[in-house]
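In what follows, a single structure is set out as structure tokens and then discussed.
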Amino acid sequence: MASSNRISRRNFVALMSAALGSIMGVVMGIPIVGYLIDPALKTESGEAWIPIGLLEDFPIGTPKSFSFTRSHVNGWEKTVNSYGGFVVRKSETQLLVLSSRCTHLSCSVNWEEARNEYVCPCHNAQFSMEGEVLGGPPPYPLDRYEANVEDGTIMIRFPAVRFDEVEG
Amino acid sequence: MWKNIYDWLDERLGLQSLYENLLDRPEPHGTWWNTLGSASLFLFVMQALTGIFLTVYYTPSPDHAYDSIQYIMNGVAFGWLIRGMHHWGATLMVLVVFIHMLRVFFSASYKYPRELTWMVGVMLFLLTLGMGFTGYLLPFNQRSYWATVVGTNIAGVVPGVGPFILKALRGGTDVSALTLSRFFSAHIWMLPAALAGLIGAHLYLIMRHGESAYPDADD
């Protein structure tokens, strides 16, 4: 056999088994890896422009609240979250849209007309009409929504961003 | 270097003698019908692997079972492939195991000294049917729900203890959340554990006795 380069039946079967087994392993291995890591590869921006009401319905000089809900789908489970904020119009041309989510621990702040500030019910944090921290534990001002007016309707861009990340 | 690694392992594990004793056995001249046992084993391993991967997304609860399978089919990369293999592999396994049993029966391979191999094999066949029955409920669609209602009703007509068996299978009087979760438990833990153990016994017996040979002119 040493001088012959013919392969024995036994070696041929062993070689073919190993080769076919490897091919099957790779052909099945790749889909399995894709299957397992699939959720990590999904990108969800969740970004959207949302109408919150007619500009004329929001008064000038005092913040007025608004709210909306967004649904979020994880696999086969859907959760609906509520969001809220304030439209602040200091003049006919100025438009500021704040999130009502306290930057301390995410409670919803309320506008206190008599005190002329937003107050958080959880830890008594206070924010000015423009969202600046006046007192209490919050680390930075209220988040803001990028906003513009289309055909008389206020559109905001979800999600809210930190005050120092607002464009322009 | 590989030789050294192999020698080191061989000295401690006895790989060479394992191979000689377990795999390098003399085989009678067989036909393709003699490969059905190996085909059954291959299908069992494939069902085990695809089944393990399905549990990554499947949820055995009445509110989520159906939706989680829809998600596997439409939302996960290659989910359709993993579930498709498990689905068709299940049908194929019942078929292949059954034909394997027929072949052993017609070639009279169950005779002395292989009676125990046959008995273990019968249990393996019944467990395979059990896997099919419990797995059928898991998608929790109309068909699987009513198939389980009918299947468990059949068990319920046993004289005397029928109603008890019915309640024990369903985990109550109705096919419910309890039925789904106990079928799931049976499908992924109890029956596979029993199958794996008995497959080990089956293989040991085959290695011990060798495969049965077809009689030739001298016999």
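For Cα pairs less than 8 Å apart in space and 6+ apart in sequence, what is the mean separation divided by the residue count of chain B, i.e. the relative contact order in percent?
25
Considering only the other residues whose Cβ falls under 15 Å of the Cβ of A:C102, what net charge follows from Lys and Arg at +1 and Asp and Glu at -1?
-1
State, as an integer percentage, the relative contact order of chain A based on alpha-carbon contacts under 8 Å between residues 6 or more apart.
This gives 18 percent for chain A.
I'd like the mean, over residues of A:73-84, of how many other protein chain beta carbons sit within 10 Å of each residue's own Cβ.
Per-residue shielding by partner chains comes out at 3.
Can you give the average number of partner chain beta-carbon atoms within 10 Å of each beta-carbon in peptide A:9-15, as a whole number?
0
With angles folded into 0 to 90 degrees, how steeply does helix B:191-209 sit against the dominant principal axis of chain B? Use alpha carbons for both and round to 10.
It works out to around 20 degrees.
Under 5 Å between amide hydrogens, which residues at least 5 positions from A:T153 or on another chain qualify, with H placed 1.01 Å from N in the peptide plane?
Close amide H contacts, sequence-distant or interchain: A:L55.
Taking every Cα atom in segment B:20-73, find the radius of gyration and the maximum pairwise distance Dmax, and write them in Å.
Just the Cα atoms of segment B:20-73 yield Rg and Dmax of 18.8, 55 Å.
So how many Å³ per residue does the convex hull of the Cα atoms of segment A:1-42 work out to?
Looking at segment A:1-42, the number lands at 71 Å³ per residue.
Rounded to the nearest 500, what is the 222 nm mean residue ellipticity of chain B from helices alone, with -39500 (n - 2.57) per DSSP H run of 4+ residues and division by all residues?
-22000 deg cm²/dmol
With a point put 7 Å past each Cα toward its Cβ, work out how far B:W2 is from B:M123 in nm, to one decimal.
Distance between label points: 4.1 nm.
Mean-square fluctuation check for chain B, GNM, Cα pairs under 10 Å: which of B:F183, B:F53, B:F44 is largest?
It is B:F53.
For segment B:21-31, take each phi angle, set θ = phi - 60°, evaluate the Karplus expression 6.51 cos²θ - 1.76 cosθ + 1.60, and give the result in whole Hz per residue in order, putting x for glycine and proline.
7, 8, 10, 8, 8, x, 10, x, 5, x, 10
If packing is taken as the average number of other Cβ atoms within 10 Å across a peptide's residues, how do B:207-217, A:151-161, A:101-111 rank, most packed first?
Ranked by mean Cβ neighbours within 10 Å, highest first: A:101-111, A:151-161, B:207-217.
Projected onto the charge dipole of segment B:34-209 (+1 at Lys/Arg Cβ, -1 at Asp/Glu Cβ, origin at the Cα centre), which of B:L102, B:P60, B:G160 gives the Cα projection farthest towards the positive end?
Most positive-ward Cα: B:L102.
Enumerate the amide H contacts of A:L134 below 5 Å, restricted to partners 5 or more residues apart or on another chain; note that Pro and chain-start residues carry no placed amide H.
Those lying under 5 Å, H to H, from A:L134 are A:Q126, A:F127, A:S128.
Report, as an integer, the average count of C-beta atoms from other chains found within 10 Å of each Cβ along A:25-37.
4
When we measure straight from the Cα of A:K42, which lysines land under 22 angstrom away, once same-chain ones fewer than 8 places off are left out?
A:K78
Decide, for chain B, between rounded, prolate and oblate: order the square roots of the alpha carbon gyration tensor eigenvalues as a ≥ b ≥ c, take rounded if a/c falls under 1.5, and otherwise choose prolate if a/b is larger than b/c, else oblate.
oblate
Give me the lysines in straight-line cross-link reach of A:K64: C-alpha distance below 21 Å, same-chain residues under 8 apart excluded.
A:K90
If I fit a long axis through the Cα atoms of helix A:9-41 and take the longest principal axis of the Cα atoms of chain A, what angle between them do I get, 0 to 90°, rounded to 10?
Relative to chain A, helix A:9-41 is tipped by roughly 0 degrees.
What is segment B:13-112's relative contact order, in percent, from Cα pairs under 8 angstrom and six or more apart in sequence?
Reported as a whole number, the value is 34 percent.
Treating the angle as unsigned and between 0 and 90°, give the value, to the nearest 10°, between the Cα long axis of helix B:2-13 and the longest Cα principal axis of chain B.
Taking the Cα atoms of chain B, the angle to B:2-13 is about 80 degrees.
Throughout, read-outs are computed from the coordinates displayed, never taken from laboratory work. Everything numeric in this text was worked out from a predicted model, so none of it was measured. Ideal geometry is used to build each Cβ from the backbone, glycine not excepted, and the neighbour counts take in all protein chains shown.
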